[in-house]
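Rule-based calculations on the coordinates, nothing more; no lab input. Worth saying up front: this structure is predicted, and the values here are computed from it rather than measured. As a convention, Cβ positions derive from the backbone with ideal geometry for all residues, glycine included, and neighbour counts pool all protein chains shown.
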């Protein structure tokens, strides 16, 4: 291989946790054919946030790209399968729906089925939208199977993600990364040296006196943004005007009852509560806005709303929603909480880490650090953050609730133009504006809009090519296919045991004995 004097020879990742070890694993694996060293600095004394336990289906492609075996990964991280998120009390108190990782039925003549459902609704003959979606039917019955490979089968119309222990995932990836040559350095950074000629980070000095130099630095230091913000003064765009929740309290509980293959998000008076079932425990938390509720009241609201005994003391978290003005500045790329934070309502935290890593690998620099590459990376990541922001905000503003100060705040909000345009196109004729970038595809927007009672005035006129009887028969046939397929789908916990993914410590193994 010909030596390139301008090639990156050394990478330093500051911070461990999920972001740091995901970055280390991917960089070491993808760059293993190149003469590039990867060093990760972390301190046992500095904790990680580590409450991001629910994921999106894209995590499967990340694991697959590293050739990680699914069974091995699930056993190591106490993972369960995830078919979507159940939302309770968002549109109105008492409402509930599931945002599935899949579609509602199958298209008819190339037109999505939800358009036919809107016509059935106008006819007064539509069942609950969820009854037409196979992934929702099996989620509600605590069932699971891998998607069918035959696209003609209703069992092929979904994807899936995982719910896992983020701390154990970081430890799992640490073993993977170190097995691929990543060097871990224990210590705290006490000094950051900048190159006086170009302002790049040149070296980091640790509290044990070790100095680490590198060509490229990846900042995974969490909210502190030790390099991207404290050293390079990049700046932060505060999005609190749209997403004002700024605190969370988290607590684990015992695993009780059926092992649900979905995450739950329940809207409360001043925020919302999460429930994430793992094999060995259930993760719980209350995301809230301190302008509308005190810390003491938020803690009490969470603890009074649990379905099992706690396993640890509640843990308090503080954050400001938003993003760095530049994710990549000079020779520093911020990933994870150092890049920005959006509340975990749709389990996007780990996905945005994955996006940051993927985009870095696609636009991997040399020592010139061309501004055009940096600008393109910042543009792509900026769009990703903004699309997620809009989707999260949709949950708060597509509501009929006005029972508390927080919900009245959202009812009177001026929306970002990008979201307002999307909502108006939907309300006019159920049209969904497609994005070039953005994690959430049309079925996700359909799930939230219809699930929270945003009913369009009109449907796609092409639906009228079918008679009322034909539309009715198509809807009935789909419901029958969904219910029959769901009845034949295995129990979620039993499926995990059968495939050998039950952990060595969780209760699933004992149940299968």
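Descriptive notes on the structure:
- Taking Cα atoms only, the orientation of helix 417-429 departs from the longest principal axis of the chain by about 20 degrees.
- Structure-based [θ]222 nm, the chain - -39500 (n - 2.57) summed over DSSP H runs of at least 4, per residue, nearest 500: -10500 deg cm²/dmol
- Gyration tensor verdict on region 225-367 (Cα atoms; rounded if a/c is under 1.5, prolate if a/b is larger than b/c, oblate otherwise): prolate
- Helix axis angle, 371-397 relative to the chain longest principal axis, alpha carbon, degrees: 40 degrees
- Rounded, prolate or oblate (a/c below 1.5 giving rounded, otherwise prolate when a/b exceeds b/c) for region 172-222 by Cα gyration tensor: prolate
- Taking a ≥ b ≥ c as the square roots of the eigenvalues of the alpha-carbon gyration tensor, region 374-513 is classed oblate because a/c is 1.5 or more while a/b is no larger than b/c.
- 0 to 90° range, to nearest 10: angle between helix 17-30 axis and the chain longest Cα axis: 80 degrees
- On full extension, the segment bounded by residue 303 and residue 371 gains 19.5 nm, given 0.36 nm per residue less the C-alpha separation.
- Cut-off 18 Å (backbone N to label point 7 Å along Cα→Cβ of residue 198), residues of region 378-394: 378
- Length added when fully stretched, residue 480-residue 499, from 0.36 nm per residue minus Cα-Cα: 4.0 nm
- The length gained on full extension between residue 470 and residue 408, counted as 0.36 nm times the residue separation minus their Cα-Cα distance, comes to 18.0 nm.
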